[in-house]
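Peer 1: Please read through the structure below; I'll follow up with questions.
The values are calculated or read from the model by the stated rules, or taken from the named source; none is laboratory data. Remember, predicted model here, so these are calculated numbers, not experimental data. Positions of Cβ are generated from backbone atoms using ideal geometry, with glycine treated the same way; all protein chains shown enter the neighbour counts.
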């Protein structure tokens, strides 16, 4: 390949992180981390815009659940000594009691049992006569989220000898279920409370503990620590008066499930989306999932209105204006139709970013956008939780107004080199800076060579190309407004390794290496190409995952003279969409394991490992014939290929 003295858009972005490239048109956004110094890109001219985790607006799609919002976001947390009942309002929880027609907020008297003051108390003087006690007294907690719950404690008023004799505890997690039901005695008195919890609140409670014939004024009910959100403590009917100063609930740990969704962030103009990075913590046993989506208008959802003409629904109000979250909320319940994703203007939520990639990865999008939104989900268990201090992402102005591309052919045999034509057509308007390069990668395959470049059907003689680890970077004469709409074609020699391999391209401007390349979106670039896509589909649909296994030599001499001292064992993985277990082994002719050269997971593509002629103990093997074996586990099946290798001295 011809050498191009320029790096890829991603490498350029990383160089900008180190301050080695100008980035005057780069804009870096940061959510949270207000006390941190500005991003390093500012030193090379990038603009910096600071946002806050707490700056959420429901009308802009922003919301959070179960999180403390400061300079960082982290799920609510209780120490084991914290009484969760006294802090319900701080975690969006509540406390209610059973009434004749369901549940209602507790009055002044019952609210005293969660005020944290042992001097105030509730006195039940007519335990069988009140409207809410003819079947006992049902006290209902919404803890605000899933918390590991280990103890419910009845604390009587100071000096009291009164007690509750029969108590049943029922519970449900935030996700529904998750707690084991026990056998209990007081079914007849409890069934109505359980039924009303399901009917009025949509919550199906399961009995998790029961205390019979209690005579102790202070009653401790131990639970197994299962994360619980909804908790009902039911004091069964009794003849004796009882009192309660505090009803305490203890557990400890992080809220089980918590989430954050940013506002829809307006970049101000259509822009190229670059990298995203973050700083935080993910404890072992916990999970922090970060997703993103981007779009071309201010709302990623479409709100529909019922017209009552059959099943017809329309996305505008009776005034003819497009429905928004706010105007949809003003419609009567029977007028509200479905709420769907706006797939015409917005991309769907990305798959989660790997949390370990916090130093920076490409912000997932298939084209330039004006709006961006992030969603973070926390899954915690007990003391294992997560925290996100800040999230940063970078954008820069798009290079051209429109950019579509397609690949020909869009079907090919797996693991066979052939020529593909990558065609792209830009729409360049006055004011667009244009481009003079293309960063092209084949995800799920391998680009071997660049054979030709054509512009409007004419060969481009003075193009340059340099191979990168996962693709190629091309340079050619600049395309500006005078060349808007012209067809650029690149012939590459390549092969695919899986059912669907994608040609991903970004056009770049060599005069602005700190800026972000513009993604080539799939579309009709050439009338002569049928497909309008950048995805190449495999023509063969068999179950073969392990492709060709080859050795760099049939015999080698590992004697330490630096000549022919190692053998390279190469293999191809085909049609896998996620990492699969692979082992590369060396055995003697009896089948005995001599050396485990490699044991890990690999993705689709070509891979290679070297054997230095030593066994598992690090000793040189005896001269003779050995077997190199490659094993792959995929779809519950094991595929194996073997090649002989001779060792001589």
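Peer 1: Among 338, 394, 359, which is over 24 Å from residue 254 (Cβ atoms), surrounded by 19 or more Cβ atoms within 10 Å (Cβ to Cβ) and touching a strand residue (DSSP E or B) at 6+ places or on another chain (Cβ under 8 Å)?
Peer 2: 394
Peer 1: Yes or no: segment 273-284 includes at least one residue that is modelled with pLDDT under 95 and either closer than 22 Å to residue 50 by Cα or in a strand (DSSP E or B) (or both).
Peer 2: no
Peer 1: In segment 247-262, what count of residues is obtained for those that are in a loop (DSSP other than H, G, I, E, B) and either closer than 16 Å to residue 390 by Cβ or without any contact (Cβ under 8 Å) to a residue 24 or more places away in the chain (or both)?
Peer 2: 1
Peer 1: Identify the single condition in (1) surrounded by fewer than 20 Cβ atoms within 10 Å (Cβ to Cβ); (2) modelled with pLDDT of 90 or more that residue 188 does not satisfy, given that it satisfies every other one.
Peer 2: With respect to (1) surrounded by fewer than 20 Cβ atoms within 10 Å (Cβ to Cβ); (2) modelled with pLDDT of 90 or more, residue 188 is out only on (2).
Peer 1: Step by step: first the residues of segment 614-625, then only those that are part of a strand (DSSP E or B) and modelled with pLDDT of 90 or more, then the one that is farthest from residue 641 (Cα to Cα). Which residue is that?
Peer 2: So, considering only residues that are part of a strand (DSSP E or B) and modelled with pLDDT of 90 or more, the one farthest from residue 641 (Cα to Cα) is 620.
Peer 1: Mind checking which residues of segment 196-222 are more than 14 Å from residue 233 (Cβ to Cβ) and part of a loop (DSSP other than H, G, I, E, B)?
Peer 2: Correct list: 202, 203, 204, 212, 213, 215, 216, 217, 218.
Peer 1: I would also like to ask the following. Do the conditions hold for residue 573, that is, is it under 30 Å from residue 417 (Cβ atoms), surrounded by 11 or more Cβ atoms within 10 Å (Cβ to Cβ) and in contact (Cβ under 8 Å) with a residue 60 or more places away in the chain?
Peer 2: Criteria met by residue 573.
Peer 1: Can you tell me which of 442, 474 is part of a strand (DSSP E or B), in contact (Cβ under 8 Å) with a residue 12 or more places away in the chain, within 18 Å of residue 487 (Cβ to Cβ) and assigned by TED's automatic domain parsing to the domain that holds residue 514?
Peer 2: Answer to the check: 474.
Peer 1: I would also like to ask the following. Mind counting the residues in segment 489-518 that are more than 13 Å from residue 436 (Cα to Cα) and either outside any strand (DSSP E or B) or in the same structural domain as residue 369 (by TED's automatic domain parsing) (or both)?
Peer 2: 6
Peer 1: While we're looking at this one, here's another question. Can you pull out the residues in segment 541-550 that are touching a strand residue (DSSP E or B) at 6+ places or on another chain (Cβ under 6 Å) and surrounded by fewer than 17 Cβ atoms within 10 Å (Cβ to Cβ)?
Peer 2: 548, 550
Peer 1: Next up: Any residue in segment 382-399 that is assigned to a strand (DSSP E or B) and within 30 Å of residue 544 (Cα to Cα)?
Peer 2: Taking every residue of segment 382-399 in turn, none turns out to be assigned to a strand (DSSP E or B) and within 30 Å of residue 544 (Cα to Cα).
Peer 1: Can you spot a residue in segment 519-535 that is assigned to a strand (DSSP E or B), in contact (Cβ under 8 Å) with a residue 40 or more places away in the chain, crowded, with 16+ Cβ neighbours inside 10 Å and in contact with a helix residue (DSSP H, G or I) (Cβ under 6 Å, 6 or more places away or on another chain)?
Peer 2: no
Peer 1: Could you tell me which residue of segment 283-334 is surrounded by the most Cβ atoms within 10 Å (Cβ to Cβ), considering only residues that are in contact (Cβ under 8 Å) with a residue 24 or more places away in the chain and farther than 27 Å from residue 373 by Cβ?
Peer 2: Among those that are in contact (Cβ under 8 Å) with a residue 24 or more places away in the chain and farther than 27 Å from residue 373 by Cβ, it is 306.
Peer 1: Filter segment 341-356 down to the residues that are exposed (fewer than 13 other Cβ atoms within 10 Å of the Cβ) and in contact with a strand residue (DSSP E or B) (Cβ under 8 Å, 6 or more places away or on another chain), then identify the one that is farthest from residue 61 (Cα to Cα).
Peer 2: So the residue we want is 354.
Peer 1: For residue 234, all conditions in the list (1) closer than 23 Å to residue 62 by Cβ; (2) surrounded by 20 or more Cβ atoms within 10 Å (Cβ to Cβ) hold save one; what is the number of the exception?
Peer 2: Of everything listed in (1) closer than 23 Å to residue 62 by Cβ; (2) surrounded by 20 or more Cβ atoms within 10 Å (Cβ to Cβ), residue 234 misses just condition (1).
Peer 1: Residue 577: out of contact with any strand residue (DSSP E or B) (no Cβ under 6 Å at 6 or more places or on another chain), at pLDDT below 90 and over 30 Å from residue 445 (Cα atoms), yes or no?
Peer 2: Criteria not met by residue 577.
Peer 1: Do the conditions hold for residue 123, that is, is it at pLDDT 80 or above, in a strand (DSSP E or B) and over 29 Å from residue 226 (Cβ atoms)?
Peer 2: Yes; evaluated as a whole, the condition is true for this residue.
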